[in-house]
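Single-structure report; data block below.
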Amino acid sequence: MNENELCRFLNHKVAQYQTPAFVEEDPISVPHQYSRLQDIEIAGLFSALFAWGRRSLILKKANFLMELMDNSPYSFIVHHEEKDLKRFLGFVHRTFNATDILFLISFLRQHYKKHASLEFAFCHHLERDDNSVEKALNGFYHCVFGENNSIRTKKHISAPFKKSACKRMNMFLRWMVRKDAEGIDFGIWKNIRPEQLVIPVDVHVYRVAVRLGLLSTKKTMNWKLALELTNKLKEFDPEDPVKYDFALFGLGVIEKFK
């Protein structure tokens, strides 16, 4: 398959999977239950952080967490009382537990006291001429944790300086920044540009990318690889490279592409 054929093939797969039906079984369905910007941000962040393993379990746990927040996450976070936090004590999703939930609730409460949107925690680290969201992700990590290296929750939030591919955080940024005609990604953040986004890379996306010749074999799944794949996809669409997440994910997870 030459470059032109590959481009047409990937665009066809984007059109196939970037449809409203995609939302139903994807973690993005959780923030789609809301219309308030802050509710979308909070539901989106937790859904993205939960996003490893079976999608059905991810949806179940993310929706349960929203129920614990009275299905009004922003209002709960900014107005809750100490006694309201007891309801989270038995919460577990894989290695994510009540300690992590309570830590992030505390962080979000403090953040929303100062800023109207979670976007600020990312975008104020970013410069207009940056080619990727690397500084934004590193800045967010330090914004959440500061200099405290003893916090167990830090293992759940990835950052490029930790050599991570940052799959879940890149997916969250895709949801918040990118906007499509089908109404899947929200496009509610305006200070990060779609061309600065980095493709979310997991084992499924990696395998498909190798099979299509977008990446060479025997590479470590890290930030450098995520940038390499994103730059390759920019050859097909320099303004919206992460739209191909739909194609690569659909081929890998749904079609079991070989």
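Check off (1) assigned to a loop (DSSP other than H, G, I, E, B); (2) free of Cβ contacts under 8 Å to residues at least 12 places away in the same chain; (3) among the aromatic types (Phe, Trp, Tyr) for residue 189 and give me the number that stays unchecked. With (1) assigned to a loop (DSSP other than H, G, I, E, B); (2) free of Cβ contacts under 8 Å to residues at least 12 places away in the same chain; (3) among the aromatic types (Phe, Trp, Tyr) applied to residue 189, the lone miss is (2).
Taken over the range 94-108, the residue count meeting the criterion of being touching a helix residue (DSSP H, G or I) at 6+ places or on another chain (Cβ under 7 Å) and either part of a helix (DSSP H, G or I) or farther than 29 Å from residue 64 by Cα (or both) is 10.
For the range 22-40, the count of residues that are surrounded by fewer than 19 Cβ atoms within 10 Å (Cβ to Cβ) and touching an Asp or Glu at 6+ places or on another chain (Cβ under 7 Å) is zero. Whether a residue is in contact with a helix residue (DSSP H, G or I) (Cβ under 6 Å, 6 or more places away or on another chain), buried (at least 19 other Cβ atoms within 10 Å of the Cβ), touching a residue at least 40 places away in the same chain (Cβ under 8 Å) and assigned to a helix (DSSP H, G or I) was assessed, and residue 236 does not pass this test.
Counting only residues that are of a type outside the set (S, T, N, Q) and over 15 Å from the mean Cα position of the chain (by Cα), the range 124-142 holds 10 of them. A single entry from 88, 76, 50, 22 fulfils the requirement of being under 27 Å from residue 241 (Cα atoms) and modelled with pLDDT of 95 or more: 50.
Of all residue pairs spaced 6 or more apart or on separate chains, those with beta-carbon atoms under 9 Å, a first member in the range 101-118 that is over 26 Å from residue 63 (Cβ atoms) and a second member that is assigned to a helix (DSSP H, G or I) are 113/78; 114/120; 115/121.
Anything in the range 109-139 that is among the hydroxyl-bearing types (Ser, Thr, Tyr) and in a loop (DSSP other than H, G, I, E, B)? List them, or say none.
117, 132
Taking the range 140-173 as the range and being of a type in the set (Val, Ile, Thr) and part of a helix (DSSP H, G or I) as the test, the residues that pass are 144, 153.
Can you pull out the residues in the range 55-96 that are over 20 Å from residue 108 (Cα atoms) and loosely packed, with under 12 Cβ neighbours inside 10 Å? Show your work before the answer.
If we filter the range 55-96 for residues that are over 20 Å from residue 108 (Cα atoms), which is where we start, we get 55-60, 90, 94-95.
Selection gives 56, 90, 95.
Residues in the range 24-41 that are β-branched (Val, Ile, Thr), more than 12 Å from the chain's Cα centre (by Cα) and either assigned to a helix (DSSP H, G or I) or closer than 17 Å to residue 120 by Cα (or both): 40 only.
The values are calculated or read from the model by the stated rules, or taken from the named source; none is laboratory data. Since the model is a prediction, treat every value here as computed from it, not as a measurement. Neighbour counts run over all protein chains shown; Cβ positions are idealised from the backbone, glycine included.
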